[in-house]
Amino acid sequence: MAMDGYKGFLGLLVSALLVGFLSVIFTLIWVLHYREGLGWDGTTLEFNWHPVLMVTGFVFIQGIAIIVYRLPWTWKCSKLLMKSIHAGLHTVAAILVIIALVSVFDFHNALSIPNMYSLHSWVGLTVVILYILQLLLGVFIFLLPWAPLSLRALVMPVHVYSGLLIFGTVIAAVLTGVTEKLFFALNSSGYGTFPPEGVFTNTLGLLIVVYGALIFWIVTRPQWQRPKEPNSVLLQPNGGTREGAEGLAVNFSNVDTSDSKLNSETTAKKRNLTVDEAGQRSTM
């Protein structure tokens, strides 16, 4: 199945994956080279898991989960399979995020540092809660076959909008967290003197912004949407139809076939009945 602007999509996809992967690598270099490494002992080494897991899960993997429906090589796969992959990637990201939260709270508690006092922590915890709620609602409404089609059609625009809002807020939270960490870490050496760590980590922030911009561009192009399922009608609460809603296809081909067969049989019976009546009248 051909995609409009396939070369442009492929170029942006490769660019997004490259920039996202570089963001993860830059984060690892930051904590391993400038911040003394990783550990799980209540010290700064445990805290260092926080940026690594957040950038890997909340930024990189979440971005891939958002655009997975746009990959033209998956358009021949069943919608249920793609829903499972979409939910699976978000679940992996959520697990990494939870571990990242445990690491930072454990570090704060071990050193008697107050929790939840900064803007970064407020925005970060809020977006984590919203992300988990979004994941749970998505599983129960779109993945599991329990919710009626009318409810899916009603929730779908909210699901799409809130997913993009959460992703954008995650990027904002990561940027504020990186800046906050640099202020604390480079307080003695002077952040304003352009130290190598400051320049390197600012570059990491720019990579995250570029990655987010590429993901937003890919997911908002209508010509790169997954095509509608064949022989399907997409339902909306007002009784109309809408193209592009995920998971709301209802196949009426079998119903049409059975109806046509029934109509043919009924017509044939009526025709035979008419012939029989005519024959009886002629004999009378």
Check Gly138 against each of (1) part of a helix (DSSP H, G or I); (2) open to solvent by less than 50 Å² (accessible area, probe 1.4 Å); (3) over 18 Å from Tyr69 (Cα atoms) and name the one condition it does not meet. (3)
If you check Val128 against the conditions, is it modelled with pLDDT of 95 or more, under 16 Å from the mean Cα position of the chain (by Cα) and open to solvent by less than 20 Å² (accessible area, probe 1.4 Å)? yes
Mind listing whichever residues of region 165-182 are open to solvent by less than 40 Å² (accessible area, probe 1.4 Å) and farther than 16 Å from Val52 by Cα? Ile166, Phe167, Gly168
Out of the residues in region 206-249 meeting the condition of being at pLDDT 50 or above and assigned to a loop (DSSP other than H, G, I, E, B), tell me which one is surrounded by the fewest Cβ atoms within 10 Å (Cβ to Cβ). Pro230
Regarding region 98-106, can at least one residue be identified that is open to solvent by 40 Å² or more (accessible area, probe 1.4 Å) and under 25 Å from Phe142 (Cβ atoms)? yes
Looking at (1) of a type in the set (Val, Ile, Thr); (2) open to solvent by 50 Å² or more (accessible area, probe 1.4 Å); (3) over 13 Å from Phe26 (Cα atoms), which is the one condition that is false for Thr203? (3)
Here are the criteria: (1) out of contact with any helix residue (DSSP H, G or I) (no Cβ under 7 Å at 6 or more places or on another chain); (2) in a helix (DSSP H, G or I); (3) open to solvent by 80 Å² or more (accessible area, probe 1.4 Å). Tell me which single one Pro145 does not satisfy. (2)
Where the second residue is assigned to a helix (DSSP H, G or I) and of a type in the set (Lys, Arg) and the first is touching a residue at least 24 places away in the same chain (Cβ under 8 Å) and lies in region 128-153, which pairs have Cβ atoms under 8 Å and are six or more apart or on separate chains? Phe142/Lys83; Phe142/Arg152; Leu143/Lys83
Against the definition (open to solvent by 20 Å² or more (accessible area, probe 1.4 Å), hydrophobic (A, V, I, L, M, F, W, C), without any contact (Cβ under 8 Å) to a residue 24 or more places away in the chain and out of contact with any helix residue (DSSP H, G or I) (no Cβ under 7 Å at 6 or more places or on another chain)), how does Val160 come out, yes or no? yes
Please report, ordered by residue number, the helices (runs of 4 or more DSSP H) entirely within region 1-85 with at least 3 residues that are in contact with a Lys or Arg (Cβ under 7 Å, 6 or more places away or on another chain) and surrounded by fewer than 18 Cβ atoms within 10 Å (Cβ to Cβ). none
Among the candidates Ser118, Ser112, which residue alone is in contact (Cβ under 8 Å) with a residue 60 or more places away in the chain and small (Gly, Ala, Ser)? Ser118
Only one of Leu164, Leu125 is over 17 Å from Trp30 (Cα atoms), touching a Phe, Trp or Tyr at 6+ places or on another chain (Cβ under 9 Å) and in a helix (DSSP H, G or I), namely Leu164
Asn109 in a helix (DSSP H, G or I) and within 22 Å of Val52 (Cα to Cα): yes
Please verify whether region 192-200 includes one or more residues that are assigned to a helix (DSSP H, G or I), modelled with pLDDT under 95 and crowded, with 16+ Cβ neighbours inside 10 Å. no
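The values are calculated or read from the model by the stated rules, or taken from the named source; none is laboratory data. Here the structure is a predicted model, which means the values were calculated and not measured. Neighbour counts are summed over all protein chains in view; Cβ atoms, including those assigned to glycine, are modelled from backbone coordinates with ideal geometry. Areas reflect the complete protein model, heavy atoms only, side chains present, ligands, DNA and RNA absent. Shrake-Rupley method; radii C 1.70, N 1.55, O 1.52, S 1.80 Å.
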